[in-house]
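Novice: This is the structure, below, for whatever I ask next.
What follows draws every value from the coordinates through simple rules; no lab data is involved. In this text, all values refer to a predicted model and were calculated from it rather than measured experimentally. FYI the Cβ positions are ideal-geometry reconstructions off the backbone, even for glycines, and counts take in every protein chain you see.
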Amino acid sequence: MHTERTKAAVLEVSDLQVRYGDFTAVDGVSFSVNPGEIFGLLGPNGAGKTSTLSAIEGLLSPSNGSVSVAGFDIFKEPLEARANIGIQLQFTSFQQDLSVREIVRLYASLYGTPLSDKEIDDLLQEIKLEGQGDKRARELSGGQQQRLSLSIATIHNPPLVLLDEPTSGLDPQSRRQLWERVEKMRDSGRSVLLTTHSMEEAKAICERVAIVDHGVIVETGNPQELIDKYRNDPDVLAVSRGEVTLEDVFIGLTGKEVRV
Amino acid sequence: METTEKNITRPIPNAKEALRALLRADWSIQWRNRRAMLMSIFVPVIFIISWKSLVPVVGGAAVLSICIAIGLPAIGLMGYSGSVARDRERGVFQRLRAAPIPTWSIMTSRILVQIGVMAFMTLCTILVGYFNDGIHINLPEGLLIVIFSAIAGLSFLGLGQLVVGLIRSSEAVNAAARLVYFPVAVVGAIAEIGVFGDILKMIVDWSPLGTTKTLIAAAATLSFDSSVWLALFLTLAYGVVFAAIGIKKFDWSVN
């Protein structure tokens, strides 16, 4: 028996299936995310990205499949698995009537890493929210809320961070700043799984991407390798407007029709 | 062969620590929304002031019990269900559920805060009744009234949970809570004097509002007969049934 222990994937998703009544949102998705890797899930609206992320977080029960985070089964050991995940989900928010300081204090406690006032001040300074601690969450701008949310996602130093369309609605400056933060996470050894509509973002920061459509993964690989692989594909060339880009590959693989 | 190592461990807060953190946050939010809280406290206080003339006719315990019984569903039905529906829609629950804490601690914190508000409302009503209407309540009776209010409050919180479990949209939850509040509290209060006939009066007597009135009146006079124990049993049963259905049907997700 081969007994050598290798460095395991931080996240392993196997044959995941999510159904809402008769509708299958995720249909047999499998992939893994390695330590220190930024992995992107790309797909049109309704492709099943957010459902996949929610199932990984254990927020919904899949019809089939397994999800392992840092070796913990999210459905059998949910608390242990969640303790190893930092999260920034779309369509979630903090309590709008709490102050920034109270939100940080609350979530630090909920993740088992209570912070002193000084530590909270340092954290706020780090995300350029110094002097904003007494502001209510609802008074923050979109960019400030994203920075706070990202900071809380990593407050317990998790090995895996899940980001659901993190740059959606941000201006170019805030988006670049967020990319830098995500790359810093990667550089510090964390793994990041993010969903995005932005092919520019995927190409800029993801080591690997999976293109998801109709609940299945249609292609996986390094963004540049995917461009090279499909450079001469007729479907990709048909939608290309010059130099073949990741967006051309994406549209070539998922079709031109607009999803709602 | 690649093996999965559980070598990356992170702290998990124990349930007590999580509940304490949630309670601190929920109390802060309740305090910041104190205007809405005061409105629900005003309802029984206004009733007890305006029904002062009824005290010599029906007795202080009867007036006090109906006023508190009207106030409890205002908090349990409208306050609780409204805030839960709104936070669900904003995704606050989804964010909290993503933390490594037991799910029950999220709702327990909410319920404890509402029970605290109900106890405060009950105390305010007792004090106004004492000073304005001359309804004399001693400390043991007062304490028992607060305890019974909390028990009855659970049944109305269960009703609020039922509403928010069956209805998704926060606007529809608000409308439904008001629609349910009207027959539960207002019709119940008026039916007490028999204007709708004996059958409706009997139905109201054994409704959540009626059993609450029976419990509060019994606590105010420290007189317990079999109907009080039956009222206590029914109050607990209402709470368990409403909450069980409401929790089973409750969808935490935003969409």
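Novice: For region B:152-213 and region A:128-168, what is the separation of their C-alpha centers, rounded to whole Å?
Specialist: Between the Cα centre of region B:152-213 and that of region A:128-168, the gap is 42 Å.
Novice: In nanometres, what is the gap between the two model label sites at A:SER116 and B:VAL240, each 7 Å from Cα along Cα-to-Cβ?
Specialist: Going by the 7 Å Cα→Cβ label model, 5.0 nm.
Novice: Distance between Cα centroids, region B:51-86 to region A:196-249: provide it in whole Å.
Specialist: Each part reduced to its Cα centre gives a spacing of 63 Å.
Novice: Helix-only estimate, please: 222 nm mean residue ellipticity of chain A, summing -39500 (n - 2.57) across DSSP H runs of length 4 or more and dividing by its residues, to the nearest 500.
Specialist: Calculated mean residue ellipticity at 222 nm is -10000 deg cm²/dmol.
Novice: In this model, which of A:LYS135/B:LYS249; A:LYS49/B:LYS248; A:LYS118/A:LYS184 are farther than 29 Å apart at the alpha-carbon?
Specialist: Table pairs above 29 Å Cα-Cα are A:LYS135/B:LYS249.
Novice: Please name whichever of A:VAL69, A:ALA47, B:TRP252 sits farthest to the positive end of the charge dipole of the protein assembly as shown, dipole taken about the Cα centre and charges placed at Cβ: Lys and Arg +1, Asp and Glu -1.
Specialist: Projecting each Cα onto the dipole axis, the largest value belongs to B:TRP252.
Novice: Please enumerate, by chain and number, the lysines with C-alpha under 20 Å from the C-alpha of B:LYS201, excluding those fewer than 8 residues away in the same chain.
Specialist: Within reach: B:LYS213.
Novice: Now a separate question. Rounded to the nearest 20 debye, what is the charge dipole size of region B:107-255 about its Cα centre when +1 sits on each Lys and Arg Cβ and -1 on each Asp and Glu Cβ?
Specialist: 480
Novice: Next question, about the same structure. Just tell me how shielded A:53-59 is by partners: mean number of partner chain Cβ atoms within 10 Å of each residue's Cβ, no decimals.
Specialist: Averaged over the peptide's residues, the number is 2.
Novice: Would you mind finding the longest exposed-site-free stretch of chain A, with exposed chymotrypsin sites (Phe, Trp or Tyr not before Pro) meaning DSSP loop and at most 16 other Cβ atoms within 10 Å?
Specialist: So the longest stretch without any such site is A:92-260.
Novice: While we're here: Please give the residues of region A:181-223, grouped as numeric ranges, whose backbone N is less than 16 Å from a label point set 7 Å along the Cα-to-Cβ vector of A:ALA238.
Specialist: Within reach of a label on A:ALA238: no residues.
Novice: Further question: Would you mind giving the average projected area, over all directions, of the Cα convex hull of the protein assembly as shown in nm² with one decimal?
Specialist: 30.0
Novice: Another question about this same structure. B:MET39 to A:SER168: FRET efficiency via 1/(1 + (r/R0)^6), r the Cβ-Cβ distance, R0 51 Å, to the nearest 0.05?
Specialist: 0.85
Novice: Considering only DSSP states other than H, G, I, E and B, which trypsin sites (Lys or Arg not before Pro) in region A:32-116 qualify as loop sites with at most 14 other Cβ atoms within 10 Å?
Specialist: Qualifying residues, ordered by number: A:LYS76.
Novice: With only Lys, Arg, Asp and Glu charged, each at its Cβ (+1 for the first two, -1 for the last two), find how big the charge dipole of the protein assembly as shown is about the Cα centre; round to the nearest 20 debye.
Specialist: Using only the charged Cβ atoms, the result is roughly 1360 debye.
Novice: Okay, moving on. Suppose every Lys and Arg Cβ carries +1 and every Asp and Glu Cβ carries -1, with no other charges. What dipole size does region A:33-147 come out with about its Cα centre, to the nearest 20 debye?
Specialist: Rounded to the nearest 20 debye, it is 340 debye.
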